[in-house]
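Below: one structure, written as structure tokens.
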Amino acid sequence: VQADGTDGNCVTFVLHDEDHTLGNSLRYMVMKNPDVEFCGYCITHPSESKINFRIQTRGALPAVEPFRKGLNDLMGVCQHVLNTFEVRLFLKST
């Protein structure tokens, strides 16, 4: 991850080796934060596997904070889905 931005509350993060799968789900998680004014991403070119992920916050909150929270929240959701799947799979096999 690279970060580009002169202002701490408006930053573009470059996520290498990622696509819409992470971009759209992470955007959804970050936009749930009421301190986030704007969040969006774009894929620079179909032949490049990187995302430009931009976050702009209200006030003095640094953009890296909702970015980090969004990633942690997304990992929690993915872990919940995995745990639920494994429980259902175990119950079905017994």
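The values are calculated or read from the model by the stated rules, or taken from the named source; none is laboratory data. Please read all numbers here as calculations on a predicted model, not as lab measurements. To get the accessible areas, we keep the full protein, side chains included, count just its heavy atoms, and leave off ligands, DNA and RNA. Shrake-Rupley method; radii C 1.70, N 1.55, O 1.52, S 1.80 Å.
What length, rounded to one decimal in nm, is gained on full extension from S25 through to N52, with 0.36 nm per residue of separation minus their alpha-carbon distance?
This chain segment gains 8.3 nm when fully extended.
Under the Karplus relation 6.51 cos²θ - 1.76 cosθ + 1.60, θ = phi - 60°, what is the ordered set of whole-Hz ³J(HN,Hα) values for segment 46-52, x standing for Gly and Pro?
The phi angles translate into x, 8, 9, 9, 8, 10, 9 Hz.
Considering only protein heavy atoms, what is the solvent-accessible area of E65 at a probe of 1.4 Å, reported in Å² to the nearest 10?
Accessible surface of E65 is approximately 80 Å².
Using only the Cα atoms of segment 10-93, each taken as one equal point scatterer with no solvent, compute I(q) by the Debye sum, divide by I(0), and report log10 of the ratio at q = 0.11, 0.20 Å⁻¹.
Here the Debye-derived log intensity ratios amount to -0.37, -0.86.
Quote the relative contact order of the chain in percent (integer), defining contacts as alpha-carbon pairs under 8 Å separated by 6+ residues.
Relative contact order here is 29 percent.
Relative to the longest principal axis of the chain, what angle (0 to 90°, nearest 10) does the C-alpha long axis of helix 64-93 take?
10
Name the residues whose placed amide hydrogens come within less than 5 Å of the amide hydrogen of A63, ignoring near sequence neighbours (fewer than 5 apart) on the same chain.
N9, C10
From the phi of every residue in segment 8-21, what ³J(HN,Hα) in whole Hz does the Karplus formula 6.51 cos²θ - 1.76 cosθ + 1.60 yield, where θ is phi - 60° and glycine or proline is x?
x, 9, 9, 10, 9, 9, 9, 9, 8, 6, 10, 9, 4, 4
Please report the accessible area of T21 (heavy atoms, 1.4 Å probe, ligands and nucleic acids excluded) in Å², nearest 10.
Result for T21: roughly 110 Å² accessible.
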